[in-house]
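Written out below as structure tokens is the structure these notes cover.
We did not get these values from a lab; they are worked out from the coordinates using the rules stated. Predicted, not measured: the structure shown is a model, and the values here were computed from it. Cβ atoms come from the backbone with ideal geometry, glycine included; neighbour counts cover every protein chain shown.
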Amino acid sequence: MIRLFRNRVYRHLFAAQIIALLGTGLATVALGLMAYSLAGDRAGSVLGTALAIKMLSYVTLAPVAAALATQVPRRIWLAALDIIRATVVLGLPFVSEIWQIYVLVFLLQAASAGFTPVFQATIPEIVPQEEDYTKALSLSRLAYDMETLISPALAALLLTLVSAPTLFFGTAIGFCLSALLVLSVRLPAPPAHTPRRFYDRTTRGIRIYLRTPRLRGLLGLSLAAAAITSMVFVNTVVIVRATLGLSDGDVALALGAFGGGSMLAALALPLVLGTGRDRAVMVGFAVLGCAALVIGAIFVRGGLSLPILMACWALAGIGYSGTLTPAGRLLRRSAHPEDLAAVFAAQFTLSHVCWLLCYPLAGVGMTYLGLVPVLLILAAVGGIGIAAALWQWPRNQPAQLPHEHPDLPSGHPHLDGPHPHAHPVIIDDLHPEYPAHIARPRP
């Protein structure tokens, strides 16, 4: 991975990602403390509503932001959204009403919905070789996991020195540093694109996504990953505190086991993906993550303990990371450069729809059904996602797909060569459907 960091542009963008993630983690801790100071025992419902607002903004605004981003230089777009996030965070210490939290959270997450897909779509252009890009995806996964583990500890340390609202200022500084790092490098210009109506630009990424078999398979795997992580993030505190009767420190240990498993998988993925097909690797990890939930249910019946829970959560973390970390490779293969940001936005939107479904299921299931049923239900949801992935994503599909274009005139430049011609197919204006629908072999 050392070769990656010799690339100055990648080095600065990765540093910007790390700093912004740490700032976001600090803000999350501070927001929880602020919600408690304003709402007391109702803080959980306040944070739950804030989480729902976050997910809804991701689901609805990411495609719109991707359409707007094509009209602005990337460096300016990313830096401007960092500054917007810093400005919004600076308003949080002055909140005096709960509704103000909701408004600011919506604005903050709206900016994040515009930032993340464009940022993700820029990386494959500055790291064009697939081997290096796979390593970049693993590093990005590691960055998210390290944020999960480090931010609470860093917040706890800072809270011994400063008051909770001061953490928001630390977050704002992080976003400003991220903006400066983005501005310090020259990013690739947005690829030339065919002029399109705003509605067409807004929906283009989702249309490409849903018409590409391997991406429909990725959506099924995203559902499996959402089922796995929803169980961990929503119910770990209840399992550790209520079921096992342990302390807050033990909650951190259980969540740390999940993060450790995720980091282990991220470190191993460049080697694993070098020897196996993406489909087999991602499905295998998804099965492992769902199996971890079933194993947990079995041990609840036989006597659950913290070490067993940590082992199950570590397996779940390995399964989750191995399932979704390679997603960028599929997205890059499935879109032309001018459509890449829109396809990343589609994955951002549709994967968060999966979380929007699974988070409430995990919470309601735990409350009204109990631990064993909710573990098995979420494992079953993950199994449905895996089955959908296997159904929609053909096995051993050749890279060169033969097909014809009866709608094109015989002299069209795309038709040079034998008929039916063969090449890797990407959904675009010439290929509005995948070859299963457009191929018309000659008798």
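Miscellaneous remarks
- Residues Met282, Met146, ranked from the fewest to the most other C-beta atoms within 10 Å, line up as Met146, Met282.
- Charge tally in the Cβ shell below 15 Å around Pro326, where Lys, Arg are +1 and Asp, Glu are -1, Pro326 excluded: +4
- The slack in the chain from Leu68 to His336, taken as 0.36 nm per residue of separation less the alpha-carbon distance, amounts to 94.7 nm.
- Think of each Lys and Arg Cβ as +1 and each Asp and Glu Cβ as -1; about the Cα centre, that makes the dipole of segment 1-185 roughly 340 debye.
- Calculated FRET value between Arg6 and Arg277, using beta carbons and R₀ = 41 Å, to 0.05: 0.90
- Gain upon complete extension [Glu130, Ser96; 0.36 nm per residue less C-alpha separation]: 7.3 nm
- Distance (nanometres) between label positions extended 7 Å along Cα→Cβ at Thr166 and Leu267: 3.4
- Stretchable slack from Leu210 to Arg186, in nm (0.36 nm times residue separation minus alpha-carbon distance): 5.4 nm
- In degrees, nearest ten, helix 43-69 long axis to first principal axis of the chain (Cα): 20
- Between Leu38 and Leu56, the simple spin-label model (points 7 angstrom out along Cα→Cβ) gives 1.6 nm.
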